[in-house]
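The values are calculated or read from the model by the stated rules, or taken from the named source; none is laboratory data. Keep in mind it's a predicted model, so treat the numbers as computed, not measured. For neighbour counting, all protein chains shown are included, and Cβ atoms are generated from backbone atoms with ideal geometry for every residue, glycine included.
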Amino acid sequence: MKQAHLLKITEVVPQGSDAVLVSFAPGDALRTQFGFKPGQYLTVEGGPENDRQWRCYSITSDPMQECISVLVRRVQSGLVSNWICDHVRADDVLSVFPPAGSFVLRHPGEPLLLFAGGSGIAPIFSLARQALQSGAPAVVLFYANRNAETMMLSSELAELKAQFEGKLQIRFWNDEIDGRPSEADIIAFAADAGLTDTYLCGPDPFMRLVRQSLVNAGHDPAQLYCEEFAQAPDQAVEEGGSVSTLTVTLKGKTHQLSVRPKETLLAAMIHGKLTVPHACKVGECASCMCRLEHGNVERLSNSVLDEDDEASGWLLACRTYATGDAIAVRFP
């Protein structure tokens, strides 16, 4: 199974007015485990000492570099992100899961259309760099921010554009000056790039706007790739059927909840307002791993546990359904 490791922070660099770029040094012993593909993310533990949580942050560094960097932006009421921006410094040590995620280029050397909103620039920047390094003749990027002060990775984008002169086209969109982008704006920008593989990352409303605009303009939905690691596939909860009783042991306390058919254990815990560890919600980061104490469950596919782990009782709460009247799980 995946395990978290303590990584030393080598550098914390401000990005815009409300974000930081945090660099970790895995060291030679962990070099293989922390190898990654552009577009993937790290799952990092942070927050106040008595309320630690896990969050996912996209990697911006080149796979060939010794350090691995992630972009962390403040969010309203962000327990972990705001704590990292306020308190984390060089030489601090944080617990980090190895890289995960499937938001990676399918055809690295081909033309590319990219859309980034806010901190969504992190994986998008990595994909743009990989495409250019792989020989892509053209990479076209639409990068939207609230204003110029909040823009991140500006110097890195400038360096990339200079390095691959004439191959990287960027439209910097400033909401304060340009207004919110509309469907017409998205379609007009995409028209110059032609029909090609397109990658999107940013706030949910931004990605919905871009995706729907492109589909309306005739883009093949199969060529549209969205980074949605924060979205849980818990929407298809079945109505009716028997409800299971879920007992959760967390931080030495026991809680009882109800779980509906085809509702993941994690969704039920969050609905029950338990502060359970979680991050990606799609079975890739291992932060919601817990042990089945008793009862029957249905495990969905994941990228963390192998057959031996499951035989030992481990499960991912985000990828598990209850199938019996009563089950119990315990978090380590």
- Quick one: in region 1-29, of everything that is at pLDDT below 95 and not in a loop (DSSP other than H, G, I, E, B), which residue is farthest from residue 154 (Cα to Cα)? 29
- Task: Evaluate the following for residue 305: is it assigned to a strand (DSSP E or B), in contact (Cβ under 8 Å) with a residue 24 or more places away in the chain and touching a Leu at 6+ places or on another chain (Cβ under 8 Å)?
- Result: no
- Query: Could you list, in sequence order, the residues of region 40-59 that are in a loop (DSSP other than H, G, I, E, B) and over 9 Å from the mean Cα position of the chain (by Cα)?
  - Reply: 47, 48, 49, 50, 51, 52
- Message: Which pairs turn up if I take residues in region 181-194 that are of a type in the set (A, V, I, L, M) and look for partners that are assigned to a helix (DSSP H, G or I) with beta carbon separation below 7 Å, at least 6 apart in sequence or on another chain?
- Response: 186/209; 186/210; 186/213; 186/214; 187/213; 190/214
- Going by the conditions given, is residue 273 part of a loop (DSSP other than H, G, I, E, B), among the basic types (Lys, Arg) and modelled with pLDDT under 90? no
- Within region 223-262, residues surrounded by 18 or more Cβ atoms within 10 Å (Cβ to Cβ), within 22 Å of the chain's Cα centre (by Cα) and modelled with pLDDT of 75 or more come out as 224, 225, 226, 227
- Message: Looking at region 118-142 only, could you name the residues that are more than 18 Å from residue 59 (Cα to Cα) and among the hydroxyl-bearing types (Ser, Thr, Tyr)?
- Response: 134
- Does any residue of region 73-92 turn out to be in contact (Cβ under 8 Å) with a residue 40 or more places away in the chain, surrounded by fewer than 22 Cβ atoms within 10 Å (Cβ to Cβ), within 20 Å of the chain's Cα centre (by Cα) and in a strand (DSSP E or B)? no
- Residue by residue through region 124-153, note down the ones that are over 13 Å from residue 105 (Cα atoms), in a helix (DSSP H, G or I) and touching a helix residue (DSSP H, G or I) at 6+ places or on another chain (Cβ under 9 Å). 148, 150
- Query: Mind checking which residues of region 155-170 are in contact with a helix residue (DSSP H, G or I) (Cβ under 9 Å, 6 or more places away or on another chain) and part of a helix (DSSP H, G or I)?
  - Reply: 156, 157, 160, 163
- Query: Pick from region 26-55 the residues that are out of contact with any Leu (no Cβ under 7 Å at 6 or more places or on another chain) and among the hydrophobic types (A, V, I, L, M, F, W, C): which of them is surrounded by the fewest Cβ atoms within 10 Å (Cβ to Cβ)?
  - Reply: 29
- Residues 265, 292: which one is assigned by TED's automatic domain parsing to the domain that holds residue 326, aliphatic (A, V, I, L, M), within 30 Å of residue 119 (Cβ to Cβ) and modelled with pLDDT of 95 or more? 265
- Residue by residue through region 279-318, note down the ones that are buried (at least 24 other Cβ atoms within 10 Å of the Cβ) and more than 13 Å from residue 1 (Cβ to Cβ). 279, 280, 281, 317, 318
- Task: Only residues that are out of contact with any Phe, Trp or Tyr (no Cβ under 9 Å at 6 or more places or on another chain) and among the small types (Gly, Ala, Ser): list them for region 103-125, please.
- Result: 109
